[in-house]
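Heads up: the structure comes next, in structure tokens.
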Amino acid sequence: MNPEKDFAPLTPNIVRALNDKLYEKRKVAALEIEKLVREFVAQNNTVQIKHVIQTLSQEFALSQHPHSRKGGLIGLAACSIALGKDSGLYLKELIEPVLACFNDADSRLRYYACEALYNIVKVARGAVLPHFNVLFDGLSKLAADPDPNVKSGSELLDRLLKDIVTESNKFDLVGFIPLLRERIYSNNQYARQFIISWILVLESVPDINLLDYLPEILDGLFQILGDNGKEIRKMCEVVLGEFLKEIKKNPSSVKFAEMANILVIHCQTTDDLIQLTAMCWMREFIQLAGRVMLPYSSGILTAVLPCLAYDDRKKNIKEVANVCNQSLMKLVTPEDDEPDEPKPVVQRHADPNPDDSLAKQEGTDSGGPDGACDSSFGSGISVFSPAGTERAPVTLHLDGIVQVLNCHLSDMAIGMMTRIAVLKWLYHLYIKTPRKMFRHTDSLFPILLQTLSDESDEVILKDLEVLAEIASSPAGQTDDLGPLDGPDLRISHSELQVPTPGRASLLPTPSTKGLECSPSTPTMNSYFYKFMINLLRRFSSERRLLEVRGAFIIRQLCLLLNAENIFHSMADILLREEDLKFASTMVHTLNTILLTSTELFQLRNQLKDLKTLESQNLFCCLYRSWCHNPVTTVSLCFLTQNYRHAYDLIQKFGDLEVTVDFLTEVDKLVQLIECPIFTYLRLQLLDVKNNPYLIKALYGLLMLLPQSSAFQLLSHRLQCVPNPELLQTEDSLKAAPKSQKADAPSIDYTELLQHFEKVQKKHLEVRHQRSGRGDHLDRRVVL
């Protein structure tokens, strides 16, 4: 500093003392400056006051010499003390040079800057509020200062500033929020602690409504919640807890929509505390905001569904997520569906739907291995109208929701409970909004069929419920599905079609009545036949599924849908099946289910007495497909009490190739005859006169069997057949002989027998072809 330079009105002694390295001398100079400024104040000499402040600022506080800077700081503080209440007129000139020293490399100088600013603020009090942002900015930096003395000094200044803000009703919250939003993303733990402490203070001031600006800082608060310091995490928990209490008290003034996607993101974090807290907020948002949250359903489901598969280590998160899921599901009502009149599907490119952006992001982002669905955050989207106006009605957009559900169901790494929840959602949507959902059925259908291979029975049950609803919902009836136009369903039809109602049987017989076997009925829609065809395709391509779960799946479908329709349609499809081995296996499975399952009790009773045209149609349809397996065809005749035809069939067995598999099926049939299901058949053995062909048919089976346990079992049963002469009574002698099913409409059994021979001939040709290629194990039995 140039000693010859004129610093008037500062005297040379004051200038010399301000530049001294000793604090005591600089303090003496500060007292002289205070005395000098008081005189100027008394004289109302503002020009000289400004000149003193400018000199202290430019020549000392902003000097290159460290001792000069220290002198300038204490001099500025002295000016403020001298000015008293008038210091507010010069605050900008007093504060700016002091704040510049906050960035000084010398820790002692930073401390003196804190001290100087403390004195300036203490004198000015509420007058400093217009300069609050620059003060806050400077303090936020000092809060992370490595020097403990500087940090201690900044804490004193911080407490003073908080007291001033608490006392005042002129705090500019609108101007402060952008700075708070910026500083809240600091990674320094001391800076974070400083930010949280200020939010707590502002939240406690009655005249300051920080809740209006919560969307601006909520994301930053959740990031601070993940801090490594326990104390900071606890402070942040308290802040978030206070905000949530206020939200519950005043839900009408809360901007739920602007914070929905923030919660979605933090509900997917790996930090347990953040995830649990965000999930609790999400639960309250859904319950408080109601349908306002519907446009964000896809993002919410993306966050919530994976949590449902958590184990006991994250039990709390799982329980809250389950409540979120259930509450969100309840928001979907039948009013969300389209009106009864069908509307064309229109691609909406400019629809400001939050789910659209989320769905796009979900399709490309990966939240983990296997490309799990993730969500995106669009803070500018809001379904709220400005405060004080009415809210617009909320429209449910299913595109994003269905995409998320499809994504989670397709991910084989997703846990069982999540998959069940997805299927419950799909079922709920098909019940509440069927017309909207059927737009997505073609995309959902393949994955629903694939889910039938799931390891969990509970998942399969829920999957079948969804498929059954699709197959039976009136909303699924369409008019644009043409008839099947070829015999090869497995090759010619990539997109399966539904036969036209009233279509004739695939093997029509002009002279035979009642052989139409189209499964289309008023209770089933256009997707029912699609489902049956695709289910059989899946059984064909995945034989283990048929072996392990085939009977379970079909039995459950018979409970969920009409059993007659299921058997009718499957028989119709199998009639045209080119893989004869699969057709035989499938027919055997269906026959076992028909004869043994409690779910099929009503259908069995319907088939026992072929007295109606409907029961005869069903029998003829089943019979034609059952011909793929000779033994099952006989068992069907036993069930329907067509004993003469059963005997005729067994007579034809002599022309068939008798294999181990064939004899095994005969063995199983004998065992089945001894079961309760055929009690009526065994009792009919007492009526020898009216059931001669039943006895002949059983003897025919006996002759087919080798000397085995089944042979002995059937032989002992036939030995119990009484002598008809011993059973004759006067009434029986007078009674006219009864013809089998004389009162039932006639069935052309000759045509059915010819069909049986034709099918078995095809099976024999296929077996011979395989034997010729060397890829068939000859299991014929030498008797």
Worksheet item: So which helices (runs of 4 or more DSSP H) stay within the stretch 403-519 end to end and still have 3 or more residues that are farther than 26 Å from E335 by Cα and at pLDDT below 90?
Response: 489-492
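Can you name the residue in the stretch 543-588 that is of a type in the set (S, T, N, Q) and more than 35 Å from the chain's Cα centre (by Cα) and is also surrounded by the fewest Cβ atoms within 10 Å (Cβ to Cβ) among such residues?
Here the answer is T585.
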Worksheet item: In the stretch 102-128, how many residues are more than 17 Å from E155 (Cα to Cα) and open to solvent by less than 20 Å² (accessible area, probe 1.4 Å)?
Response: 2
Worksheet item: Looking only at the stretch 23-77, which residues are basic (K, R) and under 25 Å from F102 (Cβ atoms)?
Response: K25, R26, K27, K50, R69, K70
Discussion item. Being open to solvent by 40 Å² or more (accessible area, probe 1.4 Å), in the same structural domain as S107 (by the TED database) and part of a helix (DSSP H, G or I): is that true of L200 here?
Written reply: no
Discussion item. Looking at the stretch 256-272, I want the residues that are touching a residue at least 24 places away in the same chain (Cβ under 8 Å) and have a partner that is part of a loop (DSSP other than H, G, I, E, B) and aliphatic (A, V, I, L, M) with Cβ atoms under 6 Å, at least 6 apart or on another chain. Which pairs are those?
Written reply: A257/V383
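Only residues that are modelled with pLDDT of 65 or more and either among the acidic types (D, E) or open to solvent by 60 Å² or more (accessible area, probe 1.4 Å) (or both): list them for the stretch 742-766, please. Spell out the reasoning first.
At the first step, the residues of the stretch 742-766 found to be modelled with pLDDT of 65 or more are 746-766.
Selection gives S746, D748, Y749, T750, E751, Q754, E757, K758, K761, K762, E765.
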Worksheet item: When you go through D454, D399, D411 one by one, which is the residue that is open to solvent by 70 Å² or more (accessible area, probe 1.4 Å) and not hydroxyl-bearing (S, T, Y)?
Response: D399
Response to the item:
L276 fails exactly one of (1) farther than 30 Å from K170 by Cβ; (2) open to solvent by less than 10 Å² (accessible area, probe 1.4 Å); (3) modelled with pLDDT of 95 or more, namely (2)
Response to the item:
Turns out the helices (runs of 4 or more DSSP H) fully within the stretch 1-109 with at least 2 residues that are over 60 Å from the mean Cα position of the chain (by Cα) and not charged (D, E, K, R) are 12-18, 23-43, 46-55, 66-83
Discussion item. Of the residues E657, E665, only one is open to solvent by 20 Å² or more (accessible area, probe 1.4 Å), closer than 23 Å to K758 by Cβ and either in a loop (DSSP other than H, G, I, E, B) or of a type in the set (K, R) (or both); which?
Written reply: E657
Practice prompt. Kindly indicate the residue of the stretch 203-254 that is among the acidic types (D, E) and in a helix (DSSP H, G or I) and also nearest to D163 (Cα to Cα) among those meeting that condition.
Written response: E203
Worksheet item: Would you call R125 assigned to a helix (DSSP H, G or I) and on the phi > 0 side of the Ramachandran plot?
Response: yes
Fill in: I49 touching a Cys at 6+ places or on another chain (Cβ under 9 Å) and surrounded by 14 or more Cβ atoms within 10 Å (Cβ to Cβ)
yes
Response to the item:
Taking the stretch 689-741 and the residues there that are open to solvent by 100 Å² or more (accessible area, probe 1.4 Å) and among the hydrophobic types (A, V, I, L, M, F, W, C), the one that is modelled with the lowest pLDDT would be L733
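The values are calculated or read from the model by the stated rules, or taken from the named source; none is laboratory data. Here the structure is a predicted model, which is why all the values come from computation and not from measurement. We place every Cβ from the backbone using ideal geometry, glycine too, and count neighbours over all the protein chains shown. In case anyone asks, the SASA skips ligands and DNA or RNA and just uses the protein heavy atoms, side chains included. Shrake-Rupley method; radii C 1.70, N 1.55, O 1.52, S 1.80 Å.
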